[in-house]
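Below is one structure, written out as structure tokens; the observations come after it.
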Amino acid sequence: MKKIKYIILIIIIIGLCVGIYLFIKEKSDNKSLDTDKNRQEEFFDNYHSKNEGNEKKFIENKNKLLFDYNKAKKENNETIGAIYIPKTSIMFPIVKHSDNSYYLTHTFYKNYSIRGAIFMDFNQTFDDLHTMIYGHNLSSGDMFSELTNYSNLNYAKSHKYVYIWIKEKRHKYEVFSSFVTARTDYETYKIAY
């Protein structure tokens, strides 16, 4: 009987140690993400930010927002452009690798992270009829999480423009439709008809 209690105690201690380790790692990842996000903001010019609660909202100045493609390209040679949605925290460089797996687990700075980066499908270019740009929908609200808010009509009306830079050239797109899909719904990713 003492042996069973001893084994249970060891299992509980191991469980607590693993839990503490994961908690500390999560806090460290969040700090790293904040640092990466702040560094990425340096690629954008002519904006100012203001804090609303815990979220940073980016407000476009009267002059148009600029993306410094060359500066971003020096940081990561796989940079192909950027994405920005006013009044959200979505303001990221877009990268493209030789596969769609790498940036699922690596940041713009090529550091390992479960948050990944915003990236284009490796089989596509901006000249294609449909272009897939990927980013995680994280429960923390980071990366592309705010895109799920487009299911709210008021949100969609007040966030109807998306800006994409292809290298240095800015393009303005109007959102006309959105939907949320399961990551296992592979029909969603079908681009050839």
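A few remarks follow.
- Looking only at the range 76-103, and only at residues there that are aromatic (Phe, Trp, Tyr) and crowded, with 23+ Cβ neighbours inside 10 Å, the one that is nearest to the chain's Cα centre (by Cα): PHE92
- Answer from LYS31, LYS64 - the residue that is at pLDDT below 85, assigned to a loop (DSSP other than H, G, I, E, B) and either farther than 22 Å from GLU168 by Cβ or open to solvent by 40 Å² or more (accessible area, probe 1.4 Å) (or both): LYS64
- Checklist (1) within 24 Å of PRO86 (Cβ to Cβ); (2) modelled with pLDDT of 85 or more; (3) part of a loop (DSSP other than H, G, I, E, B) applied to GLN124, failing item: (1)
- Count of the range 104-117 residues, restricted to those that are assigned to a strand (DSSP E or B) and crowded, with 16+ Cβ neighbours inside 10 Å, is 1.
- Condition check for MET143: over 23 Å from ASP45 (Cα atoms) and aliphatic (A, V, I, L, M): no
- All positions within the range 144-170 that are without any contact (Cβ under 8 Å) to a residue 40 or more places away in the chain and either touching a His at 6+ places or on another chain (Cβ under 7 Å) or part of a helix (DSSP H, G or I) (or both): SER145, THR148, ASN149, TYR150, SER151, LEU153, ASN154, TYR155, ALA156, LYS157
- Residue within the range 168-180 that is small (Gly, Ala, Ser), closer than 19 Å to ILE83 by Cβ, at pLDDT below 85 and open to solvent by 50 Å² or more (accessible area, probe 1.4 Å) present: yes
The values are calculated or read from the model by the stated rules, or taken from the named source; none is laboratory data. Please read these numbers as outputs of a predicted model, since none were measured by experiment. Here the Cβ is made from the backbone with ideal geometry for all residues, glycine too, and neighbour counts use every protein chain on show. Note: areas computed on protein heavy atoms with side chains; ligands, DNA, RNA excluded. Shrake-Rupley method; radii C 1.70, N 1.55, O 1.52, S 1.80 Å.
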